[in-house]
Amino acid sequence: MLPTTVVEATSESASFGLTGSQRGWGNAQPGRLIETILRNLVANPLVVIDELEKAGTVTSSKGHSYGLADSLLPLLETLTSRRWKCPYYDIRFDVSCVNYVLTCNDYRRLPEPLLSRCPPIRLRNLNKDEIEGFVRREGEKRCLSDLAIETILEAIQHPSCRTSQPSLRLASRMLQRASELENAPPLH
């Protein structure tokens with residue numbers, strides 16, 4: 001299995017979590033990208049950045065911007081990724097084999113240079129039958145009782161959900177909660 005690092009962009013204030021920061025900063029450290037490569041001794045790990053459009057940007061007192069989306073530009077460009085310089089170790093690494101999955105809810109909020117390097121793939125919304133099939137399959141994988149699975153399906157079919165398309169996110173949350181409840185120690 002490919003070593004994977006996940007960056008939750010909603011909780012990243014800047015690019016430092018992925019690329020690292022220069023020594024001399026109070027909280028200097030290598031980024032998750034290089035840590036993953038060095039820890040696993042694999043040149044092509046998978047980096048998943050979730051909800052990239054929600055990433056923050058930090059601006060230094062000298063006006064330098066450290067945005068997550070902007071930090072990806074040299075990593076996604078083959079010419080620069082072959083000789084990318086890690087700010088923490090201050091040496092060049094070939095990160096051209098790294099695999100990326102970038103997710104977002106609204107790609108229009110991403111900078112054009114990023115979109116030119118990583119064109120969006122738009123996924124259609126799942127229909128009700130597909131979500132129900134997912135709930136059944138995932139419920140069985142998690143060893144949920146038939147009652148728990150049927151209860152989740154009933155909740156998804158509830159009239160309050162009929163006005164909008166049921167979401168995979170909602171179904172996943174329900175499955176997770178059902179799993180937690182069924183596996184919790186009994187209360188006396």
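Restricting to segment 84-104, name every residue that is part of a loop (DSSP other than H, G, I, E, B) and within 18 Å of VAL47 (Cα to Cα).
Of everything in segment 84-104, those that are part of a loop (DSSP other than H, G, I, E, B) and within 18 Å of VAL47 (Cα to Cα) turn out to be CYS86, ASP94, VAL95, SER96, CYS97, VAL98, THR103, CYS104.
Going by the structure shown, is ASN99 over 21 Å from GLY20 (Cα atoms) and either surrounded by fewer than 14 Cβ atoms within 10 Å (Cβ to Cβ) or within 15 Å of the chain's Cα centre (by Cα) (or both)?
So ASN99 fails the test.
Applying the selection to segment 105-121, what residues are in a loop (DSSP other than H, G, I, E, B) and out of contact with any helix residue (DSSP H, G or I) (no Cβ under 8 Å at 6 or more places or on another chain)?
PRO119, ILE121
Please verify whether VAL95 is touching a helix residue (DSSP H, G or I) at 6+ places or on another chain (Cβ under 6 Å), under 15 Å from PRO3 (Cβ atoms) and of a type in the set (Val, Ile, Thr), treating the condition exactly as stated.
yes
Answer yes or no: is there a residue in segment 49-66 that is outside any loop (DSSP other than H, G, I, E, B), touching a residue at least 12 places away in the same chain (Cβ under 8 Å) and either touching a Pro at 6+ places or on another chain (Cβ under 8 Å) or assigned by TED's automatic domain parsing to the domain that holds ARG169 (or both).
no
Look at segment 21-37 and say how many of its residues are surrounded by 13 or more Cβ atoms within 10 Å (Cβ to Cβ) and either part of a helix (DSSP H, G or I) or among the polar types (S, T, N, Q) (or both).
So the answer is 8.
What number of residues in segment 45-56 are touching a Ser or Thr at 6+ places or on another chain (Cβ under 6 Å) and either at pLDDT below 70 or surrounded by 19 or more Cβ atoms within 10 Å (Cβ to Cβ) (or both)?
Summing the residues that are touching a Ser or Thr at 6+ places or on another chain (Cβ under 6 Å) and either at pLDDT below 70 or surrounded by 19 or more Cβ atoms within 10 Å (Cβ to Cβ) (or both) in segment 45-56 gives 2.
Scanning for something among the acidic types (Asp, Glu) and outside any strand (DSSP E or B), does segment 74-83 turn up at least one residue?
Among the residues of segment 74-83, at least one is among the acidic types (Asp, Glu) and outside any strand (DSSP E or B), which makes the answer yes.
The values are calculated or read from the model by the stated rules, or taken from the named source; none is laboratory data. Remember, predicted model here, so these are calculated numbers, not experimental data. Positions of Cβ are generated from backbone atoms using ideal geometry, with glycine treated the same way; all protein chains shown enter the neighbour counts.
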